[in-house]
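One structure below.
The values are calculated or read from the model by the stated rules, or taken from the named source; none is laboratory data. In this text, all values refer to a predicted model and were calculated from it rather than measured experimentally. Every residue, glycine as well, gets a Cβ built from its backbone with ideal geometry; the counts of neighbours run over all protein chains shown.
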Amino acid sequence: MESFQVDILAADHTFYSGPCVSLIVPTPHGMYGVMARHSNMIASVAPGELKYTLPGEAPRIAAVSSGLIKVEDGRALILVETAERPEEIDRNRAQRTADAAREAMLQKMSRREYLQTQAQLARTIIRLRVKSHAERLD
């Protein structure tokens, strides 16, 4: 399969930069696939599970937060707040965070606080899903 250059940049580090043969990105409208020679485009990235395949390797997954993807001239650039490999996710800590967010949502709070807590819970659930998915593949 033909490869293309991909750069996945989190706010605080370069998650991956190099060749890629396929990329599946979560968007608000569903999963969006990118391969070599993809047409130019820009889209928003939704929190979710990103899948990418390096030449000659099995697909890899990562938990990503919201951001943007730009495909231009045979290159893909993904800018997200956070990107984590399954081995970087501490299951116990993520579960405690999810439990605390669920508990907080039962308390009286402003709409803004509720939406922030709901977003935190969604991110944590995605992280747990990515961790579980990776463990099933091992």
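Is there any pair linking a residue in segment 31-54 that is in the same structural domain as Val80 (by TED's automatic domain parsing) to one that is among the aliphatic types (A, V, I, L, M) and in a loop (DSSP other than H, G, I, E, B), with Cβ under 9 Å and at least six apart or on different chains, and which?
Met35/Met1; Met35/Val21; Ala36/Met1; Ala36/Val21; Tyr52/Val21; Thr53/Met1; Thr53/Val21; Leu54/Val21
Can you find even one residue in segment 97-110 that is out of contact with any helix residue (DSSP H, G or I) (no Cβ under 7 Å at 6 or more places or on another chain), touching a residue at least 24 places away in the same chain (Cβ under 8 Å), surrounded by 12 or more Cβ atoms within 10 Å (Cβ to Cβ) and more than 23 Å from Glu135 (Cα to Cα)?
No; the residues of segment 97-110 include none that is out of contact with any helix residue (DSSP H, G or I) (no Cβ under 7 Å at 6 or more places or on another chain), touching a residue at least 24 places away in the same chain (Cβ under 8 Å), surrounded by 12 or more Cβ atoms within 10 Å (Cβ to Cβ) and more than 23 Å from Glu135 (Cα to Cα).
Checking the conditions here, which among Ala94, Ala83 is crowded, with 16+ Cβ neighbours inside 10 Å and either touching a residue at least 60 places away in the same chain (Cβ under 8 Å) or among the β-branched types (Val, Ile, Thr) (or both)?
Details: Ala94 fails: either touching a residue at least 60 places away in the same chain (Cβ under 8 Å) or among the β-branched types (Val, Ile, Thr) (or both).
One residue alone meets the criteria, Ala83.
Would you point out the residue of segment 86-136, among those that are hydrophobic (A, V, I, L, M, F, W, C) and farther than 18 Å from Val64 by Cβ, that is modelled with the highest pLDDT?
Step one: list which residues in segment 86-136 are hydrophobic (A, V, I, L, M, F, W, C), which gives 89, 94, 98, 100-101, 104-106, 109, 115, 119, 121-122, 125-126, 128, 130, 134.
Those still in the list that are farther than 18 Å from Val64 by Cβ too: 100-101, 104-106, 109, 115.
Numbers: Ala100: 90, Ala101: 87, Ala104: 86, Met105: 83, Leu106: 84, Met109: 81, Leu115: 87.
Looking at the filtered set, the residue picked out is Ala100.
Scan segment 116-124 and give yes if some residue there is over 30 Å from His38 (Cα atoms), exposed (fewer than 12 other Cβ atoms within 10 Å of the Cβ) and not assigned by TED's automatic domain parsing to the domain that holds Thr27, otherwise no.
The answer is no, given that none of the residues of segment 116-124 is over 30 Å from His38 (Cα atoms), exposed (fewer than 12 other Cβ atoms within 10 Å of the Cβ) and not assigned by TED's automatic domain parsing to the domain that holds Thr27.
Take the conditions closer than 23 Å to Ser132 by Cα and either surrounded by fewer than 17 Cβ atoms within 10 Å (Cβ to Cβ) or without any contact (Cβ under 8 Å) to a residue 24 or more places away in the chain (or both) and apply them to Glu2. Does it pass?
When the stated conditions are applied, Glu2 does not pass them.
Looking at (1) in contact with a His (Cβ under 9 Å, 6 or more places away or on another chain); (2) in contact (Cβ under 8 Å) with a residue 40 or more places away in the chain; (3) crowded, with 18+ Cβ neighbours inside 10 Å, can you tell me which one Val71 breaks?
(2)
For segment 46-65, state whether one or more residues are assigned to a helix (DSSP H, G or I) and surrounded by 14 or more Cβ atoms within 10 Å (Cβ to Cβ).
Our first condition is that a residue be assigned to a helix (DSSP H, G or I); within segment 46-65, this holds for none.
No, there is no match, as no residue in segment 46-65 is assigned to a helix (DSSP H, G or I) and surrounded by 14 or more Cβ atoms within 10 Å (Cβ to Cβ).
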